[in-house]
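Written out below as structure tokens is the structure these notes cover.
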Amino acid sequence: MRKEVYEKIREKLLEIGENEIAHIDMWNRNVEFIEQETAWARPAVFIEFEPVQWVSIVSGIQYRAEAKVRLHIVTDWDTQNTDVFELPEKIHSALAGLEGESFTDFTLLESHTNHNHEEIVESIEVYSFMVFLNLKK
């Protein structure tokens, strides 16, 4: 399930273009250690999966859940250029209606702006979706 969701999100983000999104990866508290890590190109989008609480449909075989994924959109901040606020909207447009074999109903749920860094802005966009897991067919 996570592999499919990650790949579908990545595919849609790549369609936006390298000029808009220069780096896509899994979230690993990247912004917290930005001064200590090897630099990654910006704008960047990091994908974070929140914990999933499964509900059994058929015990041991089929499960479903409402899952959430956070997109950490990291851009350089320039007080003269507020274009950083347009990228989340471009991402929303690209992800609207996203679905796959194991998930559906991909919907924007929350938006946060992290102001804790001097030279970058981290926009966190939270999406919810219904996910299905079939262990035996």
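With +1 assigned to the C-beta of every Lys and Arg and -1 to the C-beta of every Asp and Glu, and no other charges, what is the dipole magnitude of the stretch 47-137 about the Cα centre in debye, to the nearest 20?
860 debye
Relative to the first principal axis of the alpha-carbon coordinates of the chain, what is the inclination of helix 2-16, with its axis defined by its Cα atoms, in degrees from 0 to 90 and to the nearest 10? Helix 2-16 and the main axis of the chain meet at about 40 degrees.
Taking only the Cα atoms of the stretch 56-137, how large is their convex hull per residue, in Å³? Display every interim value, and only then the final one.
Numbers: hull volume 8.3 nm³, N = 82.
Expressed per residue, the convex hull around the Cα atoms of the stretch 56-137 is 101 Å³.
What is the angle, in °, between the Cα long axis of helix 86-95 and the longest principal axis of the Cα atoms in the chain? Nearest 10 is fine, range 0 to 90. Long axis of 86-95 versus the principal axis of the chain: about 20 degrees.
Value of Rg to Rh for the chain, rounded to two decimals, is 1.02; Kirkwood radius and Rg both from alpha-carbon coordinates.
Values quoted throughout were computed directly from the atomic coordinates according to the rules given, and no laboratory measurement underlies them. Just so we're clear, the structure is a prediction, and the values are computed from it rather than from any experiment. Virtual Cβ from ideal backbone geometry, glycine too; neighbours counted across all protein chains shown.
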